[in-house]
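Let me begin by presenting the structure, written as structure tokens, before commenting on it.
The values are calculated or read from the model by the stated rules, or taken from the named source; none is laboratory data. On a predicted model such as this, the values are computed, not experimentally measured, just so you know. Methodologically, a virtual Cβ is constructed for each residue, glycine included, from the backbone with ideal geometry; neighbour enumeration extends over all protein chains shown.
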Amino acid sequence: MHGDHPQPAPPALDLSSPLAPGLYLVATPIGNLGDITLRALDVLKRADRIACEDTRQTQKLLNHFQISTPTESCHEHNERERTAGLVEALKSGARIAVVSDAGMPGISDPGSWLTAAAIAAGVPVIPIPGANAAVSALVASGLPTAEFHFIGFLPEKAGARRTRLEDLASDAGKNAPTLVFYEAPHRILETLADIEAVWGPALRVVVARELTKIHEEFLRGTVAEVRQELASRDRVRGEITLLVQAPAAQANGQTPGAAEKIADRVARLQAEGVLDEKEALKRLARELGRSKSELYRELQRERARTRARP
């Protein structure tokens, strides 16, 4: 465990002294430019350079506030490659700001790899707080805020996404925290359908869309209601934060939507006289409105998890 020597807190804004050397993780607006902080503007103005997720996106922000600090790219595809050079500059006393396109660097955005490398090299790392979509959505959602679990983006592939949701459902405890996801607009309906299949249609969810922007919207209700509302639209647009009030585990250790696994349903149908597993899956597919191949893959995943348990 490492520990830095305690230092006196600096004044809120001290423009009379130069910016101290180090790596500055600067939060930027997630929509409304008015959400930039005075401290963030000061750091961006006085840094030697700014490492950006997308230099074109950051340049719009810098132009708006008349900031001329040089920029360079540092995104998910080149962060590891750029880290060595940035750390060498930091060790020589450089003052480098890191920004993502919106929000806090390192939270479902580039920045964490560079941060870890800077800390390992003994370079000061200074967070500059500001806008964050997950926390902003959470506090206005109406769902419990005392404990929450930030997951970020779910897997893009349907099978992997369903498996991740099932794992989260099986981990639900008595005081299940609110779950917070980020999701792309073109995948939100599929994700809501998967959540409904895993937890049931009565699960409480909130879709927070276009936070801090002119078309900001909160859709609150059951997962079935919210999915129906979004499905009725010609197109779903904008950045989305999805919040789920994870149900507490039932007495039998299962969550409401996952009370009967595919393996249990197949076994029940076979006990009722459907002796062939394929025929049981075919009947289930008709009942659930899902494909037989999808149910077969889910059945295989359930069996694999059962075998993996001690």
Query raised in the report: Do we find a residue being over 17 Å from I50 (Cβ atoms), assigned to a strand (DSSP E or B) and not aliphatic (A, V, I, L, M) anywhere in segment 97-117?
Result: no
Report task. With the checklist (1) modelled with pLDDT under 95; (2) assigned to a loop (DSSP other than H, G, I, E, B) in hand, flag the one item P185 doesn't pass. Result -> (1)
Report task. Looking only at segment 71-85, decide whether some residue is assigned by TED's automatic domain parsing to the domain that holds N32 and under 21 Å from L33 (Cβ atoms). Result -> yes
Report summary line: Output for Cβ contacts, cut-off 6 Å, separation at least six or different chains, first residue farther than 22 Å from P29 by Cβ in segment 205-221, second in a strand (DSSP E or B), reads V205/V244; L219/V207; R220/V206
Report task. May I ask you to list the residues in segment 123-141 that are in contact (Cβ under 8 Å) with a residue 60 or more places away in the chain and among the β-branched types (V, I, T)? Result -> V123, V125, I126, I128
**Report entry** Search result, residues across segment 62-103 that are among the aliphatic types (A, V, I, L, M) and more than 22 Å from A121 (Cβ to Cβ)
**Finding:** L62, I67, A102
**Report entry** Long-range neighbours under 6 Å by Cβ, at least six apart or interchain, first residue farther than 21 Å from A137 by Cβ and assigned by TED's automatic domain parsing to the domain that holds I151 within segment 231-257, second modelled with pLDDT of 50 or more and basic (K, R)
**Finding:** A248/K174
Query raised in the report: Out of L179, L203, L154, which single residue is in contact with a His (Cβ under 6 Å, 6 or more places away or on another chain) and within 17 Å of A246 (Cβ to Cβ)?
Result: L179
Report summary line: The condition of being closer than 20 Å to A184 by Cα and modelled with pLDDT of 75 or more holds, among E302, E210, E298, E279, only for E210
Query raised in the report: Residue check, A120 against (1) free of Cβ contacts under 8 Å to residues at least 24 places away in the same chain; (2) under 24 Å from the mean Cα position of the chain (by Cα), all met but one. Which one?
Result: (2)
**Report entry** Residue satisfying all of: in segment 118-150; of a type outside the set (F, W, Y) and part of a strand (DSSP E or B); modelled with the lowest pLDDT among these
**Finding:** H149
Query raised in the report: Looking at segment 111-119, is at least one residue under 20 Å from T28 (Cα atoms), surrounded by fewer than 21 Cβ atoms within 10 Å (Cβ to Cβ) and not polar (S, T, N, Q)?
Result: yes
